[in-house]
Structure formats: structure tokens, C-alpha cells
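Read-outs throughout are calculated quantities, based only on the coordinates presented, and are distinct from any laboratory measurement. Bear in mind the structure is a predicted one, so any value in this text is a computation, not a measurement. Cβ placement follows ideal geometry from the backbone for every residue including glycine, while neighbour counts extend to all protein chains displayed.
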Amino acid sequence: MPCSQKADAEFIQKSQEAGEQMKLIMENWRQYITKENNSASFVEFLKALESPQERPSGFKKSSLKGEKLGKLCCWCSQETLVGVEHIIPRSAGGPTIERWNLAWACYPCNHSRGSAIEIPPRPPEVLSGWLTRAFREFGEVPTPEELRNYFVEKLENK
């Protein structure tokens, strides 16, 4: 093969490889941006979300005794003994005492959900609460890791 043809072939091959690398970089960047925007969108969605009942004033048991009476679970709407639910769990970087991140949840819903950021794994016919409806409306929620990264980045940029 003459020298110029060989150089042309090498140039074409390197251009194709560079194009493939650029596609991978752009796809990774797109996924990163989408996840960052999804976390920010989710947090803003929760901040704007109105609860049909007053939200907890904190999460310490001693300060909530009078508040627990007559409350409905945010996930299943049952009026039962409720406790404070961190909508974005503390393990995912969720704020501890900001009211937009607090709701009332019954023991079965709160504990079956654990530290997940999803609707509790309970029978669908049970789950009719306002937060269940909101989560279904929002669609795909960010993962705990995505939210932790979002909150860490927000703290670093303050």
C-alpha cells in the first residue's frame, strides 16, 4: 500500500476511534446532567408539595407528643399511630428538620420503606396517601447516592 493511502487509512481509523470515544464521553455527560437535574427537580418538587395536614415540627419524640394525634399516614392514609417520616432519608443526605422533608407515616409504611427513596413495598391497594400520589406523579425518583451527591455539592457551593 502506498504511503499516502496507508496514512489516509490510519487517519480514518483514528478519526472513527476518536468519534466513538466522543460518543461515550457525551453519553456519560448526558447521564450525569440528567441525574443532577433529576435530583434538583425532585427536591424542588418536594419543597413545593402541599400536605393536606400540618407537617411535623421536628423529629424528636419528646417534642411531638401532642402533634401525633389524629394524623393520617402520608403513604396509606390510615389514621393510626404515626411517627415522623423523612421523605428523603437522612442516609441519603435529606435534611433532618426542614419541614418540607418531614411527613407523618404509620409504622408499617415507615419501616417497610426503610432508607429507600420510593413508595413503601406494601400492597398497592393499601397505598392511597398524598405522598404516594405525589411520588407516582413525579415518576422516576433519584437514587440515594444521587441525592447524597446533590446535597454534598449544594453544601460545597454555599
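Quick look at the numbers
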quantity: Loop-located GluC sites (Glu not before Pro) in segment 96-158, at most 12 other Cβ atoms within 10 Å (DSSP); calculated: Glu118, Glu125, Glu140
quantity: Label-reachable residues, segment 74-99, where backbone N falls under 20 Å from a point 7 Å from Ser115's Cα toward its Cβ; calculated: 84-98
quantity: Cα centroid separation - segment 68-89 against segment 111-158, whole Å; calculated: 15 Å
quantity: Local electrostatic count, Gln78, Cβ distance below 12 Å [Lys/Arg +1, Asp/Glu -1]; calculated: +1
quantity: Residues Arg113, Arg136 arranged by fewest to most Cβ contacts within 10 Å; calculated: Arg136, Arg113
quantity: Around Glu98: net Lys/Arg minus Asp/Glu count, Cβ-Cβ under 12 Å; calculated: +4
quantity: Fewest-first sequence of Trp104, Trp130 by Cβ atoms within 10 Å of each Cβ; calculated: Trp130, Trp104
quantity: Potential extension, Tyr107-Glu17 segment - 0.36 nm per residue separation minus Cα distance; calculated: 26.9 nm
quantity: Neighbour net charge for Arg113 - beta-carbon separation under 14 angstrom, K R +1, D E -1; calculated: 0
quantity: Burial ordering of Tyr107, Tyr150, fewest other beta-carbon atoms within 10 Å first; calculated: Tyr107, Tyr150
